[in-house]
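Laboratory data are not the source of any read-out in this text; all were calculated from the coordinates shown. It should be emphasised that the depicted structure is a prediction, and the values quoted were computed from it without experimental measurement. When we count neighbours, we look across all protein chains shown, and the Cβ atoms used for this are built from the backbone with ideal geometry, even at glycine.
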Amino acid sequence: MKRILILHTGGTITMQLHDNTIDATDSSQPFNLAFFEEQIPGLQEIARIASETLFLEDSSNMLPSHWANIAGVIDDNYARYDGFVILHGTDTMAYTASALSFCFENLEKPIVLTGSQVPLGNRRTDARRNLINSVELATLNIPEVCICFNDRVYRGNRATKISIGDFDAFSSPNHPVLAEFGLKLSIHTSYRPGSGPFATSARFDPGIRLVKLFPGMEGSWMFPETADACRGVVVEAYGSGNIPYGRQQSIMPALKRYIDSGGVAVITSQALHDEVDLNKYEGGRMALKYGAVSGGDMTTEACVSKLMYLLAHHSDVQSVKERFRMNLAGERST
Ligand code: ASP
């Protein structure tokens with residue numbers, strides 16, 4: 001029987017529903033095997049399960065240091081288990097999944113993040129299905145950091161939260177789902193096999209900015225004067241990566257000054273589907289000429305965590321930009 005480690009980090013799945021509000025996790029509630037046995041009978045028939053509570057946070061409180069904590073615990077337990085399931089709040093699950101995908105090199109085992117829209121103890125919970133599917137997935141030979149939710153399996157660094165009130169809370173707009181649970185499990189795409197020794201490096205530089213453009217936005221507010229204060233900015237631009245360049249609206253002087261001072265400016269899009277093309281319109285071409293980097297078809301979550309990861313691992317700007325353009329963990333198509 002496969003050995004699976006379930007790691008608790010909090011989120012709705014482990015919270016309590018009272019009337020119409022969801023309260024923070026009652027820390028006296030033991031999320032141990034007896035609790036699982038009571039809530040999800042049969043879970044232990046799928047695998048030999050161990051569980052550990054790392055912390056119990058609403059995922060809106062999570063920091064890059066929490067990502068590093070999770071990665072470290074997986075690294076410590078890597079040889080002892082065949083797969084890992086992480087119980088996590090849905091709000092920032094796609095950030096954590098993206099971040100973890102950059103931490104592990106030559107991953108050979110599944111790391112599955114899941115949670116729920118309704119707490120586990122509730123009659124109408126989606127937690128049971130999500131957890132059973134995730135444990136089953138973690139027993140398979142799928143060397144990916146993935147999100148398993150509402151019967152679908154997404155590559156973690158391609159997923160984004162799309163719904164607050166629907167059980168179908170996630171989507172991966174620019175990548176097909178990896179697998180689907182129906183009467184049986186259908187596996188749709190091939191996975192990314194490792195090709196060397198497994199290694200973990202979980203350092204992140206949290207000192208970046210993420211800014212979403214809106215008409216009338218000031219360039220001086222978006223970009224710091226120099227890169228000393230903040231080494232990277234992710235810009236959610238319009239459409240194919242368009243940034244205002246007109247005489248009254250131009251963001252370009254601030255962008256150029258920031259890049260010239262050693263900052264990394266990544267351009268992604270407010271549109272969920274398809275790929276940024278900085279060559280298509282003047283606003284993208286100017287940004288490219290000044291040294292901005294295209295986010296391609298990456299999610300905003302993947303852009304943010306990848307930039308934090310690269311800035312923590314490389315001191316020179318050119319290496320960060322070069323690697324940002326590369327496909328490191330299946331997070332971008334081109
Ligand atoms: N606020 C919760 C969280 O992200 C939402 C959820 O788990 O669905 O922790």
Going through segment 292-320 in order, the residues found to be surrounded by 17 or more Cβ atoms within 10 Å (Cβ to Cβ), farther than 25 Å from S195 by Cβ and not β-branched (V, I, T) are A292, S294, G295, E301, C303, L307, M308, L311
Out of the residues in segment 92-103 meeting the condition of being closer than 16 Å to A138 by Cα and aliphatic (A, V, I, L, M), tell me which one is nearest to the ligand (Cβ to nearest atom). A97
Mind counting the residues in segment 52-71 that are more than 13 Å from A202 (Cα to Cα) and in contact with a helix residue (DSSP H, G or I) (Cβ under 9 Å, 6 or more places away or on another chain)? 9
Of the conditions (1) exposed (fewer than 15 other Cβ atoms within 10 Å of the Cβ); (2) away from the ligand (no atom under 16 Å from the Cβ), A47 fails just one. Which one is it? (1)
Any residue in segment 86-99 that is of a type in the set (F, W, Y) sitting within a Cβ distance under 8 Å of a residue that is more than 7 Å from the ligand (Cβ to nearest atom) and outside any helix (DSSP H, G or I)? List the pairs, counting only those 6 or more apart or interchain. Y95/M62
Out of all the residues in segment 55-65, is one or more of a type in the set (G, A, S), within 16 Å of the ligand (Cβ to nearest atom) and free of Cβ contacts under 8 Å to residues at least 40 places away in the same chain? yes
Is it the case, given these coordinates, that K306 is closer than 20 Å to R231 by Cα, free of Cβ contacts under 8 Å to residues at least 60 places away in the same chain and in a helix (DSSP H, G or I)? no
Among residues belonging to segment 35-54 that are in contact with a strand residue (DSSP E or B) (Cβ under 6 Å, 6 or more places away or on another chain) and either in a helix (DSSP H, G or I) or not charged (D, E, K, R) (or both), point out the one that is nearest to G72 (Cα to Cα). L54
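Go through segment 100-118 and report how many residues are of a type in the set (S, T, N, Q) and assigned to a loop (DSSP other than H, G, I, E, B).
3
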Might you let me know whether segment 17-32 holds any residue that is among the aromatic types (F, W, Y), more than 16 Å from the ligand (Cβ to nearest atom) and out of contact with any Cys (no Cβ under 6 Å at 6 or more places or on another chain)? no
So which of G89, G121 ends up being of a type in the set (G, A, S), in a loop (DSSP other than H, G, I, E, B), within 15 Å of the ligand (Cβ to nearest atom) and more than 18 Å from P64 (Cα to Cα)? G121
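Here is a yes/no grid of residues against (1) closer than 18 Å to L113 by Cβ; (2) assigned to a loop (DSSP other than H, G, I, E, B); (3) aliphatic (A, V, I, L, M):
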residue	(1), (2), (3)
N157	yes, no, no
D168	yes, yes, no
P176	no, yes, no
Y191	yes, yes, no
Given (1) touching a Phe, Trp or Tyr at 6+ places or on another chain (Cβ under 9 Å); (2) of a type outside the set (S, T, N, Q); (3) over 25 Å from L328 (Cβ atoms); (4) assigned to a loop (DSSP other than H, G, I, E, B), where does E136 come up short, assuming only one miss? (4)
Looking at segment 71-84, is at least one residue in contact (Cβ under 8 Å) with a residue 40 or more places away in the chain and within 16 Å of the ligand (Cβ to nearest atom)? no
Among the residues of segment 276-303, write down those that are without any contact (Cβ under 8 Å) to a residue 24 or more places away in the chain and among the hydrophobic types (A, V, I, L, M, F, W, C). L288
Just for segment 247-291: of the residues that are of a type in the set (S, T, N, Q) and surrounded by fewer than 17 Cβ atoms within 10 Å (Cβ to Cβ), which one is nearest to V304 (Cα to Cα)? Q270
Please find, within segment 133-185, the residue that is farthest from the chain's Cα centre (by Cα) out of those that are surrounded by 24 or more Cβ atoms within 10 Å (Cβ to Cβ) and of a type in the set (K, R). R155
